[in-house]
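The values are calculated or read from the model by the stated rules, or taken from the named source; none is laboratory data. Computed from a predicted structure; not experimentally measured. When we count neighbours, we look across all protein chains shown, and the Cβ atoms used for this are built from the backbone with ideal geometry, even at glycine. In case anyone asks, the SASA skips ligands and DNA or RNA and just uses the protein heavy atoms, side chains included. Shrake-Rupley method; radii C 1.70, N 1.55, O 1.52, S 1.80 Å.
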Amino acid sequence: MKKMIALMLVAMLVGIFGCTKEPQQPAGTETKPTGTEPAAKTSWMIGMSQCNLGEPWRVQMNADVKAAAEKQPELTVLFKDAQNDSLKQVSQMEEYITQGVDLIIISPKEAAPLTTVVAQAVEKGIPVIVLDRRVVGDEYTCFIGADNKKIGKAAGEWIVKKLGGKGNVVELKGLMTSTPGQDRHTGFREGIKGSDIKIIFEADMKWLEPEARKEMESALARYDNIDLVYAHNDPGAHGAYLAAQAAGREKDILFVGIDGLAHEGQMYVKEGILAASFEYPTGGKEAVETALKILHGEDVPKEITLDSTVYTADSFK
Ligand code: FRU
């Protein structure tokens, strides 16, 4: 009985005075407790700067970025298309910086013109992932892409073997102010070194099928004996094929390209239009995965090199 009375007394006292030792404050005057961390960020805005959407490969890259980002509910990706104009791409990058996005993924049209704005973003604290084509120097957070020199060299070696060590070759180059064009050229020349392959005609087709077709028309007009066309991308190889077909010479010439998209290069190989297409992965998925790590404060490598494979008729047997 005594115990029960004691317990009731305690309960009454707690009811009257409450448990808290903190002094009560009038509503609305609470001050933030000091020394507490701000709430950790749980959602982020990424700006994707695409140099153009004129080629299937770039459409695929954006689709890969979108698909990977959709699996991460904390990410929102904004897309801008520079329509193959470096100045436009610079101003679109500036818009992302002003807007204060949390991270930028850029696939730059050309190296030099996009270098400063990428560095500016990094200096302002916005991490930048450079995808596929490089900028000059190393003022970016991470570069992701396949090794274009290695691909060019592999293409050169494959061609030497295919032509039995000699032949007349046309090289249709990608935009030579972009790093994949430079590297696919240098690598290729290394790959054919020591062979009797002669480059009888070379031109910059700027990655564009119509340009490649036009250049190939000139090559066909000048040379009766062309064994093979090495184009730095599949649209270029296809443009060259169309020019040869119009001249009735497509059966005398082999065509080799780079990109190897399922619905482009691989399809051309299956149809017998291209003798080979070297895969060039878009890196879209890897870019989103890397972005997530950066945004969560994890360390990422400065360079992420993607693998490439070659598609020939044998790949589809
Ligand atoms: C598309 C494209 C691809 C090529 C890549 C190189 O714009 O030309 O065909 O592999 O860019 O950056």
Find the all-direction average of the projected area of the Cα convex hull for the chain, expressing the result in square nanometres with one decimal place. 26.4
Phi to ³J(HN,Hα) by Karplus 6.51 cos²θ - 1.76 cosθ + 1.60 over segment 253-261, Hz, x for Gly, Pro: 10, 9, 10, 10, x, 9, 2, x, 5
Segment 274-281 - phi-based ³J(HN,Hα) in whole Hz, Karplus 6.51/-1.76/1.60, Gly and Pro as x: 9, 7, 7, 9, 8, 5, 10, x
Volume per residue, Å³, of the convex hull around the alpha-carbon atoms of segment 148-279? 87
Take the alpha carbon atoms of segment 79-119, find their radius of gyration, then divide it by 2.2 N^0.38 Å using N residues; give the quotient. 1.04
The answer for the net charge of residues other than residue 54 whose Cβ lies under 14 angstrom from its Cβ, with Lys and Arg +1 and Asp and Glu -1, is -4
Local electrostatic count, residue 203, Cβ distance below 13 Å [Lys/Arg +1, Asp/Glu -1]: -1
Give me, ordered by chain and number, the residues 5 or more places off residue 48 or on other chains with an amide H under 5 Å from its own placed amide H. 78, 79, 80, 105
Taking only C-alpha pairs under 8 Å that are 6+ residues apart, what is the relative contact order of the chain in percent? 15
Residues other than residue 107 with Cβ under 9 Å of its Cβ, Lys/Arg counted +1 and Asp/Glu -1, net out at +2
How much mean residue ellipticity at 222 nm does the chain get from its helices, if each DSSP H run of length 4 or more adds -39500 (n - 2.57) and you divide by all residues, to the nearest 500 deg cm²/dmol? -13000 deg cm²/dmol
Rounded to the nearest 5, the percent of DSSP beta bridges in segment 148-279 running antiparallel is 0
For each pair in 41/293; 149/193; 109/270; 71/285, compute the distance between the two Cα atoms and list the pairs where it is over 19 Å. 109/270
accessible surface per residue for the chain, probe 1.4 Å, DNA/RNA/ligands not counted, whole Å² -> 52
Want the number for residue 309 to residue 198: 0.36 nm per residue separation, take away the alpha-carbon distance, what's left? 37.4 nm
Only bridges with both residues in the chain count here: give the DSSP antiparallel percent, nearest 5. 5
Tell me the carbon and sulfur percent of the accessible area for segment 148-279, rounded to whole percent, probe radius 1.4 Å. 47
Say R0 is 41 Å: what FRET efficiency, to the nearest 0.05, do residue 70 and residue 186 get from their beta-carbon distance? 0.60
